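Participant: Provided herewith is a single structure, encoded as structure tokens, for subsequent inquiry.
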Amino acid sequence: MRITEIKVLPVDGDEKLKAYVTIKLDDCFVVRDMKIIKGTTGFFIAMPAKKMKDGTYRDLVHPLDKSTRQMLEDQILHEYKRLQVPGSAAA
């Protein structure tokens, strides 16, 4: 599996949510509404989720292993940082 396209839509004015992301996998499968979040230890990717009746959230899609999650985060965050204006607060 490889990411063949990454679209980053920056969000202004939010302390934690920095961008929404859409990725295309192998030019044939799209995942929308991933989020780039600035946490206490740095940036991370939040998967699209659905709110359950009990108020908890459940990921709609997610990697099944640590290496796949790391590959996704590395490529998405690289693209996000590439798009940032030098000297901006998000970089």
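Participant: Among the residues of region 15-32, which ones are in a strand (DSSP E or B) and more than 12 Å from the chain's Cα centre (by Cα)? Walk me through how you get there before you give the answer.
Facilitator: Filtering region 15-32 down to residues in a strand (DSSP E or B) leaves 17-25, 29-32.
Across region 15-32, the qualifying residues are LYS24, LEU25, PHE29, VAL30.
Participant: Still on this model: Pairs under 6 Å by beta carbon, first residue touching a residue at least 24 places away in the same chain (Cβ under 8 Å) and assigned to a strand (DSSP E or B) in region 33-48, partner buried (at least 16 other Cβ atoms within 10 Å of the Cβ) and of a type in the set (Lys, Arg), six or more apart or different chains?
Facilitator: Pairs found: ILE36/LYS18; LYS38/LYS18.
Participant: Next question, about the same structure. Of everything in region 17-49, what is surrounded by fewer than 13 Cβ atoms within 10 Å (Cβ to Cβ) and either at pLDDT below 95 or of a type in the set (S, T, N, Q) (or both)? Give them in sequence order.
Facilitator: GLY39, THR40, THR41, GLY42
The values are calculated or read from the model by the stated rules, or taken from the named source; none is laboratory data. For clarity, every value in this text was computed on a predicted model and none was experimentally measured. All Cβ positions, glycine included, derive from the backbone under ideal geometry; neighbour counts span all protein chains shown.
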